[in-house]
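What follows is a set of notes on a single structure, which appears directly below.
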Amino acid sequence: MKKEFAVIFDMDGVIFDSERAYIECMEEVADMHGLENMHEVALQCIGRNEQATKQILMEAYGEDFAYDEYRKQSSDIFHSRYDNGRLPLKPYVNDIFEGLEKMGVPIALASSTRKASVIQELSDAGLLHYFDELVCGDMVEKSKPSPDIFLKACEMLGVAPENAYVIEDSYNGIRAAFDAGTHPIMVPDIIAPDDEMRQKAEIILPDLERALEYLKMPVKNETGRLLCSIEAVARECGNVILNADRDTNVIASKEGHANFVTKYDKKVQDILEDKLLKLLPEAVFVGEEGENNEILSSGYAFIVDPIDGTTNFIKDYHASAISIGLLKDGHPFLGVVYNPYLDEMFTAVSGYGSYCNGEKIHVSDKDLSNGIVLFGTAPYYEELSRKSFDVAYDYFKRSMDIRRSGSAALDLCSIAAGRAELYFELILQPWDYAAGFLIVNEAGGKVTTFEGQEVCFDKPCSVLATNGIAGCV
Ligand code: IPD
Ligand code: CA
Ligand code: CA
């Protein structure tokens, strides 16, 4: 089967936490010889081959610099310390290789290190078997930033550069990957990205776990980047929720019975407004805790609930979520619901399916009698509670069981993930369902009003979400 894309890894600083180790050894020898500024000089050698490294050191320390002796001493220290599989791995190395192997993605290595050392280090770490091809420093004439090494890797893998993703930590690696016409993914190691890197890298991600998630996404480039950035904002808000100081958890009642808001609802919404509008400045922003309710029929609109499940949050019941919907021209375009307690990130992009932590999800194929029914009824809509419980009772008699979680967004995600079959609520606000609506739809389910009409996003309405089977009885 023809694979859609391949992934090419740099080795030092991406797979092995070796750049830090190399620099430490270089600094130790520099101290022995009374050489100054070795840290800064060594940073310039990152991602370069032997020849380029020599040139950098000779330029820094003058013509009389005993390069060979210096390299030997630092290399001896390095090997005595890190040989035989003792070289530390970067986080999530095994996860990304296992994940890509499961997906059947061809993998190559493109490292400036010599082939003998590459083979030794990868086999000591038990990783060599993951690679379909190896391109090493002594196999190409020009080292990174020349694109040669990546072009050769693509040729050996039999993929066009535009179908190859390159994972790199170094500036020169990103430059080389960019000039080769591949998709550079920067996972910074020692050096933080600058403007040039932000422009040349398709995306900059904090670690290999996120890189795997990105590679699994059906949509990359602009929309994928936006989705990744929104996920990062949702995770940041999740940390605010998890680390909330409960002693000073100021609860202010809103209108109606048991209608609460905490200072964290406001705090999370402020973060969302600030960060989401930085990602998409042309969008309008509508949040539960804000004043603006205007959703335009053209352009982008974020509709967010900073904490869906506020009563649960107040009670520390561990069932709340951050819900971020993005409409485009009035239609759901992207949805993110993050449950920080379970570290579950539900996502959907219109036309590309729904995912939970990077794995595709689908509604169940069970009918109502074999299904779980979820429902909600906010205590502040007192006039609806009797009818809600009557309907719930009716479903209770016809299904396996019923549940009331306290978060509409998570209920919708449970339908999408096939954990439950039907969810209803007689009135909800757009921020409760803007994200979940798309996540259910993209997972193969169906969302309408309770009466079977189209759900709207500019005013409250009832919601009936099903797997497409459980509703038809
Ligand atoms: C509420 C929750 C709840 C639902 C209510 C919503 P909040 O949102 O989603 O499950 O039954 O109708 O208002 O107030 O916690 O953001
Ligand atoms: Ca809500
Ligand atoms: Ca809320």
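Quick check for you: which residues of the stretch 134-165 have the amide N under 20 Å from the point 7 Å beyond the Cα of Asp194 toward its beta carbon? It comes to 144-147, nothing else.
Counting only residues at least eight positions apart within a chain, or on another chain, the aspartates and glutamates with an alpha carbon under 13 Å from that of Lys142 are Glu50. Place a point 7 Å from the Cα of Asn37 along the Cα-to-Cβ direction; which residues of the stretch 62-80 have their backbone N under 19 Å from it? Output list for this probe position: 62-67. With K and R counted +1 and D and E -1, the other residues having a Cβ less than 9 Å from that of Glu425 yield a net charge of -2. Computed log10 I(q)/I(0) for the chain at 0.08, 0.13 Å⁻¹: -0.58, -1.10, from the Debye equation with unit scatterers placed on every C-alpha and solvent omitted. Here the calculated FRET efficiency for His318 and Lys142, from their Cβ-Cβ distance with R0 = 35 Å, stands at 0.05, rounded to the nearest 0.05. The stretch between Asp132 and Asp207, if pulled fully straight at 0.36 nm per residue, gains 24.7 nm over its current Cα-Cα span. Just to verify a number: FRET efficiency for Glu359 and Glu236, C-beta to C-beta distance, R0 = 22 Å, to 0.05? Working from the Cβ atoms, E equals 0.45.
Partners of Lys267 within straight-line reach, counting lysines whose Cα lies under 29 Å from its Cα and excluding those fewer than 8 residues away in the same chain: Lys254, Lys275, Lys278, Lys315, Lys328, Lys459. The C-alpha atoms of the chain define a longest principal axis, and helix 263-279 lies at about 60 degrees to it. Rounded to the nearest 20 debye, the dipole size of the chain about its Cα centre is 1460 debye, using +1 on the Cβ of Lys and Arg and -1 on the Cβ of Asp and Glu.
Computed with every protein chain present, the accessible area of Ile427 is close to 50 Å² [probe 1.4 Å]. The mean sequence distance of close C-alpha pairs (under 8 Å, at least 6 residues apart), as a share of the length of the chain, puts its relative contact order at 10 percent. The largest accessible area among Tyr214, Tyr61, Tyr92 belongs to the first residue in Tyr92, Tyr61, Tyr214, and the rest follow in falling order (1.4 Å probe, all chains). Over all other residues within a Cβ to Cβ distance under 10 Å of Pro188, the charged ones net out to -4, with Lys and Arg as +1 and Asp and Glu as -1. Counting only protein heavy atoms, what percent of the accessible surface of the chain is carbon or sulfur at a 1.4 Å probe? It is 48 percent, rounded to a whole number. Nearest 5 is fine: what % of DSSP beta bridges in the stretch 275-419 come out antiparallel, could you say? So the antiparallel bridges in the stretch 275-419 amount to around 80 percent. Summarising the strand pairing of the chain, around 60 percent of its internal DSSP beta bridges are antiparallel. Remark: the Arg20-Asp274 segment gains 87.9 nm on full extension, using 0.36 nm per residue and subtracting the alpha carbon distance. Annotation: amide H of Glu344 within the under-5 Å range of Asn339, sequence separation 5 or more or interchain, hydrogens built in the peptide plane. Gln55 to Lys397: FRET efficiency via 1/(1 + (r/R0)^6), r the Cβ-Cβ distance, R0 56 Å, to the nearest 0.05? The formula returns an efficiency of 0.10 here.
Listed by chain and number, the lysines placed with their C-alpha closer than 23 angstrom to that of Lys102 are Lys2, Lys3, Lys90, Lys216, Lys220, Lys360; residues fewer than eight positions away on the same chain are left out.
For Ile361, the amide hydrogen comes within under 5 Å of the amide hydrogens of Ser354, Tyr355, Cys356, counting only partners 5 or more places away or on other chains and with H modelled in the peptide plane.
The values are calculated or read from the model by the stated rules, or taken from the named source; none is laboratory data. Note that the coordinates shown come from a computational prediction; the quantities given were computed from them, not determined experimentally. Here the Cβ is made from the backbone with ideal geometry for all residues, glycine too, and neighbour counts use every protein chain on show. Each accessible area value is taken on the protein alone, full model and side chains, heavy atoms only, with ligands, DNA and RNA left out. Shrake-Rupley method; radii C 1.70, N 1.55, O 1.52, S 1.80 Å.
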